[in-house]
1. Looking at this structure, is A:Thr115 within 10 Å of another protein chain (Cβ to nearest Cβ) and modelled with pLDDT of 95 or more?
2. Just wondering, is there one or more residues in region B:27-43 that are closer than 22 Å to B:Lys105 by Cα, out of contact with any Cys (no Cβ under 9 Å at 6 or more places or on another chain) and part of a helix (DSSP H, G or I)?
3. Output the number of the condition that B:Ile65 fails; it satisfies all remaining conditions of (1) within 8 Å of chain A (Cβ to nearest Cβ); (2) touching a Lys or Arg at 6+ places or on another chain (Cβ under 7 Å); (3) surrounded by fewer than 20 Cβ atoms within 10 Å (Cβ to Cβ).
4. Residues that are of a type in the set (Val, Ile, Thr): list the strands (runs of 3 or more DSSP E) wholly contained in region A:74-179 that include at least 3 such residues.
5. When you go through (1) assigned to a loop (DSSP other than H, G, I, E, B); (2) facing chain A (nearest Cβ under 10 Å); (3) buried (at least 18 other Cβ atoms within 10 Å of the Cβ) one by one for B:Pro78, which number turns out not to apply?
6. I need the full set of residues from region A:133-171 which are out of contact with any Ser or Thr (no Cβ under 8 Å at 6 or more places or on another chain), of a type in the set (S, T, N, Q) and surrounded by fewer than 16 Cβ atoms within 10 Å (Cβ to Cβ), in order please.
7. Could you list all residues from region A:135-152 that are in contact with a Lys or Arg (Cβ under 8 Å, 6 or more places away or on another chain) and either within 23 Å of B:Thr61 (Cα to Cα) or facing chain B (nearest Cβ under 10 Å) (or both)?
8. What single numbered condition from (1) outside any helix (DSSP H, G or I); (2) out of contact with any Phe, Trp or Tyr (no Cβ under 9 Å at 6 or more places or on another chain); (3) surrounded by fewer than 16 Cβ atoms within 10 Å (Cβ to Cβ) fails to hold for B:His94?
Amino acid sequence: MKELSLHILDIAENSIGAKADFVRIAVDETVKEGYISIEIQDNGPGIQKEMIGSVADPFVTTRTERRIGMGISLFKAAAEQSCGAFDIESDEKKGTRVKAVFKKDHVDTAPVGDTAATIITLLAGNPGLDIRYEHATPENSFFLDTREIRQDLEGIDIDHPAVLEKIKELINDNIGSKR
Amino acid sequence: MAKLSVDDLKEIKERAAREASLRGGETTVKITVHMSTCGIAAGARDVMATLLEEKAESGRTDIKIIAGSCLGMCSSEPNITVEAADEEPIVYQHMDVNRARQVFKRHILKGEVQTDFALGKM
């Protein structure tokens, strides 16, 4: 993937495919000097115990369209090749949490990229989904929660073009559009 | 927490009210952007962004753009499926920003199927 934000989109789409309707996305560029941590957590049904050890194996998938699943394997490989780390935890009651750490200045670490585009794509493509998005940079730290934004909208859909535009502006105002 | 400002909300509500008075809430065209690992790696997010831009520009509330799963045709990603009312669904392959814009402007707005980009042609 060309950007870390594309991995976020991919992993979050996994959550949606698993029937999650809430995803927490946390990007922390201040966690430890020179590192970026990315955490994606959902309220889906979790991954079976027998599967959890092998989800990063590309030849393990629950999908039927094709027999190879690359999403988690790619994310893990991207983290590990950049002197980072990868971890996945799943509980049938609490959902699944995927966490990866990247070394910022490593030659194999992709830029964080356009996280606003990732959030907008998730909201537009999956109108029933709620997202809590947290992002901390050395300059600023902020979060937004679509459950709260929905309340302010008083019945207007979150995937209305005008709403998506404003959410995009809000994110870019807080963390800058180029990362 | 970051929130939409009062001015933003006012602007959104005015625009939504204006569009709702022009058209009903019924969906006449559904566009599915296949948003799986293969699609995302090939550029599906940019395709989605383009379609959303075009939709916003057209002001058409009867067009629905959603994210879908993998079609199993990973080598032709990004794929999108266009389902217009009373028409056969069309799958377009190898989408990029410009092609997606063309599909939107010609097929969705004018009803001209872009056979050059279709996945299958007999």
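The values are calculated or read from the model by the stated rules, or taken from the named source; none is laboratory data. Every value quoted in this text rests on a predicted model; they were computed, and no experiment measured them. Ideal geometry is used to build each Cβ from the backbone, glycine not excepted, and the neighbour counts take in all protein chains shown.
1. For A:Thr115, the condition - within 10 Å of another protein chain (Cβ to nearest Cβ) and modelled with pLDDT of 95 or more - is not met.
2. No, the conditions are met nowhere in region B:27-43.
3. (3)
4. A:95-103
5. Every listed condition holds for B:Pro78 apart from (2).
6. Of everything in region A:133-171, those that are out of contact with any Ser or Thr (no Cβ under 8 Å at 6 or more places or on another chain), of a type in the set (S, T, N, Q) and surrounded by fewer than 16 Cβ atoms within 10 Å (Cβ to Cβ) turn out to be A:Asn140, A:Gln151.
7. Across region A:135-152, the qualifying residues are A:Phe143, A:Leu144, A:Asp145, A:Thr146, A:Arg147, A:Glu148, A:Ile149, A:Asp152.
8. Of the numbered conditions (1) outside any helix (DSSP H, G or I); (2) out of contact with any Phe, Trp or Tyr (no Cβ under 9 Å at 6 or more places or on another chain); (3) surrounded by fewer than 16 Cβ atoms within 10 Å (Cβ to Cβ), the odd one out for B:His94 is (2).
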